[in-house]
Amino acid sequence: MVSLEWDVERTDGVTLVTLSVASERECRVRIANRLDGPVWPPRRRGQPAAGWDGDEFTGTVPADGRLTVGYATSAQPAEPPAEVVATGPPDTGDGDRSGRSPRLADGGEAADAPTVEGTPAGVVRSLGDPVVPRDCVPVPDERTEGETDGTGPTDGTGPLESDRPHGTRADEPGPGDGRPPVDRRGDDALLVPGAVRAWLRDVERRLDAAAAAPEGNAGEPSERSADLADAAAADRRALSWVARRLDDVTRRPNGDEIR
Amino acid sequence: MILAVVGGKGGVGKSTVAYNLASELDAVAVDADLAMADLPGRALDDRSEGSARSTGRPASRGPDLHDVLAGRAAPVEAVRESGPVDILPCGRSLAGARACDPTALVDAVETVAREYGGCVVDCPAGLCGDVGLGLLAADVCVLVTEPTPAALGDAVRARALARELDAGLAAIALNRAGPEAPTDLVAERLGGPVTVVPESPELAEAQAAGRPVAATAPDSESARALRRLADRVATAVAF
């Protein structure tokens, strides 16, 4: 006999679901979300924690304890938030890993000998995401487009970007032609903080990617497209907020001089 | 059939061995060093990429592994067939590396192997996720190491990871080794047959020229050693 207890909490538009499964004897359970929204499972190095597959989680309830599972969703709370949809005998060997890993995913009990789950997501969970950190990607300067002096890469995707003498060139007098900075030569990029340019670059990339997202031939790409669409929607909201703020700021008395 | 070339330590000659094995086995060499790529042909790519960069226009090069892993190109589209060995090159820019989904590597490599008959995946140094993904995709692996304590220590760890991910050890390449190299010890520690690849200027020159040593110096000791290594791989798995 398997019993499921839950705790549901909604905060800032996100519903946090905590599930606790108890059983009279060790067994394997599959739990499915019943809330009307996407499941955001806990992630380990960017990949859903072991045991998660879409909006279902599979794990092993220990004989002397409980299996606890948590996830987030944008759905409104409802009762029950989830159901045990299948039970079975505990797996030994491979399947047992997913029974232990949820605790691993929460950052505890990682003392077991390192085992690598034989799936792409499992490999990244165990060994780390090889993607270069966001901070090490130089910010390209799109305004130099077509205006290169021919001495080499200038868009910042190469190492030269970091070697450019930012400090010295920022001291040069700006062209007083009254045009907005966006139309000037690359030197004026220095007037815009790198963080702002980096953010805009990332937003542009996401919007491009969302527009060009493949329809998906397997399960993963379509999920990725959905994620991209969500991210793009959030980006658009952020952009319009920033646009409003920029309008406010540039309308201030001294704003005319900036323009 | 998919072969992963791993080593753990950097600079032991993985890319050189991978490229020459791809040549011997008539397979596609996949440069899976997602953050820094170094198979032959890179120099050429860099030039065209650099000029495209400086003009600010889209690069005139073809798609690469970064594009494949970002979902912008099909795996077979990114294979370059213009050189002496078919290559699936990796992108060069950090922005490209940042944009890709490394877990897509497994599917990409399997697709290329199906279309071309075989892949040799040149895995990066270290034991991060990209090495694991290469091993996960692979049927077997070749360990490349050098007769130095640091390299051998890393090779032991790479071997353990390969075992964990079910990539059987087809052969060990003991690179830049002299006649007195401790091949028996290496074979015992790593649990596989050892092929010594001697230090050789012919091999270095061939690699720098972007050609397999079998094409530039077929009778050199290194060309013979790499052929033996390829034969070992071929007997270990139906390549």
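This table checks each residue for (1) under 22 Å from residue B:211 (Cα atoms); (2) open to solvent by 40 Å² or more (accessible area, probe 1.4 Å); (3) charged (D, E, K, R); (4) out of contact with any helix residue (DSSP H, G or I) (no Cβ under 6 Å at 6 or more places or on another chain).
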{"site": "B:87", "(1), (2), (3), (4)": "yes, no, no, yes"}
{"site": "B:90", "(1), (2), (3), (4)": "yes, no, no, no"}
{"site": "B:103", "(1), (2), (3), (4)": "no, no, no, no"}
{"site": "B:123", "(1), (2), (3), (4)": "yes, no, no, no"}
{"site": "B:164", "(1), (2), (3), (4)": "no, yes, yes, yes"}
{"site": "B:168", "(1), (2), (3), (4)": "no, no, no, yes"}
{"site": "B:173", "(1), (2), (3), (4)": "yes, no, no, no"}
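A quick yes/no check of all residues on (1) among the aliphatic types (A, V, I, L, M); (2) over 30 Å from residue A:129 (Cβ atoms); (3) within 14 Å of another protein chain (Cβ to nearest Cβ):
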residue: B:119; (1), (2), (3): no, no, no
residue: B:126; (1), (2), (3): no, no, yes
residue: B:133; (1), (2), (3): yes, no, yes
residue: B:148; (1), (2), (3): no, no, no
residue: B:170; (1), (2), (3): yes, no, no
residue: B:178; (1), (2), (3): no, yes, no
residue: B:181; (1), (2), (3): yes, yes, no
residue: B:202; (1), (2), (3): no, yes, no
residue: B:210; (1), (2), (3): no, yes, no
Report whether or not residue B:25 is within 30 Å of residue A:48 (Cα to Cα) and either modelled with pLDDT under 95 or not small (Gly, Ala, Ser) (or both).
-> no
Is it true that residue B:75 is open to solvent by 30 Å² or more (accessible area, probe 1.4 Å), under 25 Å from residue B:21 (Cβ atoms) and more than 8 Å from every other protein chain (Cβ to nearest Cβ)?
-> no
Are any residues in the stretch B:140-162 surrounded by fewer than 22 Cβ atoms within 10 Å (Cβ to Cβ) and closer than 19 Å to residue B:118 by Cβ, and if so, which ones?
-> B:140
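Criterion first (at negative phi, out of contact with any helix residue (DSSP H, G or I) (no Cβ under 7 Å at 6 or more places or on another chain), among the basic types (Lys, Arg) and not in a loop (DSSP other than H, G, I, E, B)) does residue B:98 satisfy it? Quick ask: steps written out before the conclusion?
Values: at negative phi: yes; out of contact with any helix residue (DSSP H, G or I) (no Cβ under 7 Å at 6 or more places or on another chain): no; among the basic types (Lys, Arg): yes; not in a loop (DSSP other than H, G, I, E, B): yes.
Against the criterion (at negative phi, out of contact with any helix residue (DSSP H, G or I) (no Cβ under 7 Å at 6 or more places or on another chain), among the basic types (Lys, Arg) and not in a loop (DSSP other than H, G, I, E, B)), residue B:98 does not qualify.
Considering only residues that are part of a helix (DSSP H, G or I), surrounded by fewer than 15 Cβ atoms within 10 Å (Cβ to Cβ) and either at pLDDT 85 or above or not polar (S, T, N, Q) (or both), which ones fall in the stretch A:206-228? Lay out the reasoning, then the answer.
Taking the stretch A:206-228 as the starting set, the residues that turn out to be part of a helix (DSSP H, G or I) are A:206-211, A:219-228.
Imposing the further condition that a residue be surrounded by fewer than 15 Cβ atoms within 10 Å (Cβ to Cβ) reduces the set to A:208, A:211, A:219, A:222-223, A:226-227.
Within the stretch A:206-228, A:208, A:211, A:219, A:223, A:226, A:227 meet the criteria.
The values are calculated or read from the model by the stated rules, or taken from the named source; none is laboratory data. These numbers were taken from a predicted model, which means no experiment stands behind them. Cβ sites come from the backbone with ideal geometry, for glycine too, and all protein chains shown count toward neighbours. For the accessible areas, the whole protein counts, side chains as well, though only heavy atoms, and no ligand, DNA or RNA atoms are used. Shrake-Rupley method; radii C 1.70, N 1.55, O 1.52, S 1.80 Å.
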